[in-house]
Every structure is written in C-alpha cells, then in structure tokens.
Amino acid sequence: MSTSSWVSASLPYLTPQKKDAWAAEAAAQGRRGTQRILHAGEVPAPAEVAELFGIAAGEPVVVRRRLILLDERPNELTDTYYPLPIAQGTDLARTAKIRGGAVALLAELGHVGVLVREDVTAALPDEEECRTLDTAPDEPVLRLTRLTLDRDDRPIQADRMVMPALRQRLRYEIRIG
C-alpha cells in the first residue's frame, strides 16, 4: 500500500460527535480533512436506496451529496439518504454545514441508530466518479453502502460512498463479549 493510502474506521461516523468527525480523524493522522456539500434536497429514491428503506423506487427521499477531501485531494464521494418523514424541512435537506453533524441532528430529532450494516464491493468508476475523484478509468473504486437502523429496525439513514481503492484501507474492529 502506498504512503498516500488512507486508513479509515466507521465508528466515529455512527455516534453523535461535538466535533467534525472527518476533520478529527484526519488530524489524528497528521492530515487535513475537509468536505464540500455538492447538493442537498429531495430526490427520487434510487432503486438501491428504495430497497434499503423499504419504499418504491422513485419515491422522494432527502440526499446530501458530499465530496470528502484529504489534504485538498478528493478522497471519497458520499451520498447520504434520509427518509422524507425524517429529513424534510430540516437542516439535512439544506446545503449548509450541520453543527455537530448529521448524526447529532438525527439524535436531536429523536432518531438514534443502534444497528449498522455495511457492504463493500469493488468496481471500476463511471465517468463522473473518475472526474470527481481524480482517478483513471481503469483504477478500481470501493463502493461502501451503509444502512443505519433505529431500535425498532426502521432505517434512518443510508450512505453510498465511492472511494479510490488504491488510496484506501478500511479498518473494522469488532469486540466480542
């Protein structure tokens, strides 16, 4: 793995934080993490998101599309989706930065995640991903889909992330008992 690789863990993004989890994670590794919100608002649910939420494809959901930067270089393209009844009319549907982050806002709104499912696959990027992430068409990307469920097993958030595979290492720590 090259020296430009990034090691990332999921846990800081699953619990409410008082600080920007991405900036803090990058700073802990001596790097600079920032993000740009490219879009926020209602969209028709893509088929994969509709399936995760248990709704029909095309039903409205709220999305926040962000470009995640590491030392000013594109590191990840993330689309975070929320069910319309949860996010409509909230800061989740706006492009402004959310104080404390989206997970903290969800908790304030009464939606706390207790179960997270993540699936990771690898593929070649499409044209938009190549352009946005500054990758070659033959450079694989990792696609991470994360579904967060509340205590009643209702989905409250779905993330679809695309990351240049050659710049990433995902770390999972699981404590048993």
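Could you look through the stretch 119-140, keep only residues that are surrounded by 11 or more Cβ atoms within 10 Å (Cβ to Cβ) and of a type in the set (Val, Ile, Thr), and pick out the one that is farthest from Asn75 (Cα to Cα)?
Only one residue tops the list, namely Val120.
Hey, can you tell me all the residues within the stretch 141-153 that are in contact (Cβ under 8 Å) with a residue 40 or more places away in the chain and either over 9 Å from the mean Cα position of the chain (by Cα) or surrounded by fewer than 20 Cβ atoms within 10 Å (Cβ to Cβ) (or both)?
Here is the first cut: in the stretch 141-153, the ones in contact (Cβ under 8 Å) with a residue 40 or more places away in the chain are 145-148.
Within the stretch 141-153, Thr145, Leu147, Thr148 meet the criteria.
Across the stretch 39-63, which residue is nearest to the chain's Cα centre (by Cα) among those that are free of Cβ contacts under 8 Å to residues at least 60 places away in the same chain and buried (at least 20 other Cβ atoms within 10 Å of the Cβ)?
Of everything passing the filter in the stretch 39-63, Val63 is nearest to the chain's Cα centre (by Cα).
Which residue, of Arg31, Arg66, Arg36, is buried (at least 19 other Cβ atoms within 10 Å of the Cβ) and over 13 Å from Ala158 (Cβ atoms)?
Arg66
Given the criterion more than 22 Å from Asp153 (Cβ to Cβ), modelled with pLDDT of 95 or more and β-branched (Val, Ile, Thr), identify the matching residue among Thr78, Thr95. Walk me through how you get there before you give the answer.
Working: Thr95 fails: modelled with pLDDT of 95 or more.
Unique residue meeting the criteria: Thr78.
If Tyr172 satisfies every condition in (1) among the aromatic types (Phe, Trp, Tyr); (2) more than 17 Å from Leu52 (Cα to Cα); (3) surrounded by 14 or more Cβ atoms within 10 Å (Cβ to Cβ) but one, which is the exception?
Among (1) among the aromatic types (Phe, Trp, Tyr); (2) more than 17 Å from Leu52 (Cα to Cα); (3) surrounded by 14 or more Cβ atoms within 10 Å (Cβ to Cβ), the lone unmet condition for Tyr172 is (3).
Could we say that Val112 is in contact with a Phe, Trp or Tyr (Cβ under 9 Å, 6 or more places away or on another chain) and over 20 Å from Gln168 (Cα atoms) here? Walk me through how you get there before you give the answer.
Working: in contact with a Phe, Trp or Tyr (Cβ under 9 Å, 6 or more places away or on another chain): no; over 20 Å from Gln168 (Cα atoms): yes.
No.
Let me confirm something: among Ala122, Ala87, which residue is free of Cβ contacts under 8 Å to residues at least 60 places away in the same chain, touching a helix residue (DSSP H, G or I) at 6+ places or on another chain (Cβ under 8 Å) and within 22 Å of Val43 (Cβ to Cβ)?
Numbers: Ala122 fails: within 22 Å of Val43 (Cβ to Cβ).
Only one candidate qualifies: Ala87.
Determine whether the stretch 82-91 contains at least one residue that is at pLDDT below 85 and closer than 20 Å to Glu118 by Cβ. Quick ask: steps written out before the conclusion?
The initial filter retains those residues of the stretch 82-91 that are at pLDDT below 85, namely none.
No, the conditions are met nowhere in the stretch 82-91.
Tell me which residues, restricted to the stretch 141-174, are closer than 17 Å to Asn75 by Cα, part of a strand (DSSP E or B) and not basic (Lys, Arg). Walk me through it before giving the result.
Going residue by residue through the stretch 141-174, those that are closer than 17 Å to Asn75 by Cα are 141-145, 159-171.
This time we only want the ones that are part of a strand (DSSP E or B), so: 141-145, 159-164, 168-171.
Val141, Leu142, Leu144, Thr145, Asp159, Met161, Val162, Met163, Pro164, Gln168, Leu170, listed by residue number.
Among the residues of the stretch 128-137, is any outside any strand (DSSP E or B) and within 27 Å of Glu173 (Cβ to Cβ)? Working first, answer last.
So the first thing to find is which residues in the stretch 128-137 are outside any strand (DSSP E or B), and the list is 128-137.
Okay, now just the ones that are also within 27 Å of Glu173 (Cβ to Cβ), so 133.
So far as the stretch 128-137 goes, yes, one or more of its residues are outside any strand (DSSP E or B) and within 27 Å of Glu173 (Cβ to Cβ).
With in a loop (DSSP other than H, G, I, E, B), farther than 19 Å from Val49 by Cα, at pLDDT 95 or above and not aliphatic (A, V, I, L, M) as the only criterion, which of Gly100, Gly110, Gly177 stands out?
Details: Gly100 fails: at pLDDT 95 or above; Gly177 fails: at pLDDT 95 or above.
Every option except Gly110 fails the conditions.
Considering only residues that are within 21 Å of Arg99 (Cα to Cα), in a helix (DSSP H, G or I) and at pLDDT 80 or above, which ones fall in the stretch 1-55? Explain how you work it out, then say what you get.
The initial filter retains those residues of the stretch 1-55 that are within 21 Å of Arg99 (Cα to Cα), namely 10-28, 32-42.
Still in the list and also in a helix (DSSP H, G or I): 11-13, 21-28.
Within the stretch 1-55, just Ala28 meets the criteria.
The values are calculated or read from the model by the stated rules, or taken from the named source; none is laboratory data. Since the model is a prediction, treat every value here as computed from it, not as a measurement. No Cβ is skipped: glycine too gets one built from the backbone with ideal geometry, and neighbour counts run over all protein chains shown.
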